[in-house]
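Below you'll find the structure, written out as structure tokens, and then a few comments.
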Amino acid sequence: MCADLTILKEVKLKNGQQLILRKPIVEDAAKMIEYLNAIGGESDNLLFGKDEFHLTVEQEAEYIKKLSTDANTFMIIGVINDSIVSVAQITSPNRKRIAHNSELSISVKKEYWRNGIGKAVLEELIRYAKEHSEIRNVSLGVKASNRNAIRLYEKLGFQQIGIHKGYFNVNGELDDEILMDLHL
Ligand SMILES: CC(C)(COP(=O)(O)OP(=O)(O)OC[C@H]1O[C@@H](n2cnc3c(N)ncnc32)[C@H](O)[C@@H]1OP(=O)(O)O)[C@@H](O)C(=O)NCCC(=O)NCCS
């Protein structure tokens, strides 16, 4: 792999494995698509299902390249033994009047759940938000039935602030979206 890897953090997990948190590089594109198509099928809690991620490797590489110069989006990948095990990002709108708000999203590969990866990744994203003093609020939306994620967010200080009734439709089954905020 390319030598120019900016490692943000190394974490020893509960299972003893070493997790590397870093920004994605264009060389990650193929693995990224593979990861996103796999996790879509691992839970019903994301906005996409298995193999619903249709970018080509070139398009994904271009997207990652753009990210490196996009001041409004900060993406982190979690890597164990050269495999992507988590992808998360925080992104803020361009418009000046609402640019102090940001949206957060995260996923972790199922075989690695409950080892502290989600918590480590979110702590890194929150650290980034705090370092960028223009960001005053981190928001997210989560399926009401996704108790694990809600517990994780609450542990990190997020508060439930509202509900979008029947927001998700997974195979005809509707579920509410819980809106959560972390004020910095
Ligand atoms: C939600 C998700 C990101 C959690 O990632 P993770 O790496 O398993 O989380 P962690 O191991 O850091 O867990 C941190 C805390 O969250 C809670 N938690 C996470 N998974 C849990 C589970 N299966 N059961 C109960 N509590 C759970 C616990 O409080 C846990 O702390 P503890 O292990 O010390 O008790 C992961 O399950 C995931 O990717 N799910 C599918 C996609 C998704 O739901 N994304 C969020 C969409 S809003």
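The values are calculated or read from the model by the stated rules, or taken from the named source; none is laboratory data. Remember, predicted model here, so these are calculated numbers, not experimental data. With ideal geometry, Cβ positions are generated from the backbone for all residues, glycine too; neighbour counts draw on all protein chains shown.
Here are the numbers for this structure:
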| read-out | value |
| --- | --- |
| Where GLU177 falls short, out of the listed (1) in a loop (DSSP other than H, G, I, E, B); (2) surrounded by fewer than 19 Cβ atoms within 10 Å (Cβ to Cβ) | (1) |
| Single unsatisfied condition, LYS130 versus (1) closer than 16 Å to ILE76 by Cα; (2) surrounded by 15 or more Cβ atoms within 10 Å (Cβ to Cβ) | (2) |
| Hits in region 50-80 - residues which are in a loop (DSSP other than H, G, I, E, B) and either touching a Lys or Arg at 6+ places or on another chain (Cβ under 7 Å) or among the small types (Gly, Ala, Ser) (or both) | SER68, ALA71 |
| Where SER107 falls short, out of the listed (1) among the polar types (S, T, N, Q); (2) farther than 24 Å from LYS12 by Cα; (3) within 11 Å of the ligand (Cβ to nearest atom) | (2) |
| Odd one out for GLU42 among (1) over 22 Å from VAL142 (Cα atoms); (2) at pLDDT below 95 | (1) |
| Search result, residues across region 2-49 that are part of a loop (DSSP other than H, G, I, E, B), touching a residue at least 60 places away in the same chain (Cβ under 8 Å) and aliphatic (A, V, I, L, M) | LEU13, LEU46 |
| Which listed residue, of LYS155, LYS110, is surrounded by fewer than 14 Cβ atoms within 10 Å (Cβ to Cβ) and in contact (Cβ under 8 Å) with a residue 60 or more places away in the chain | LYS110 |
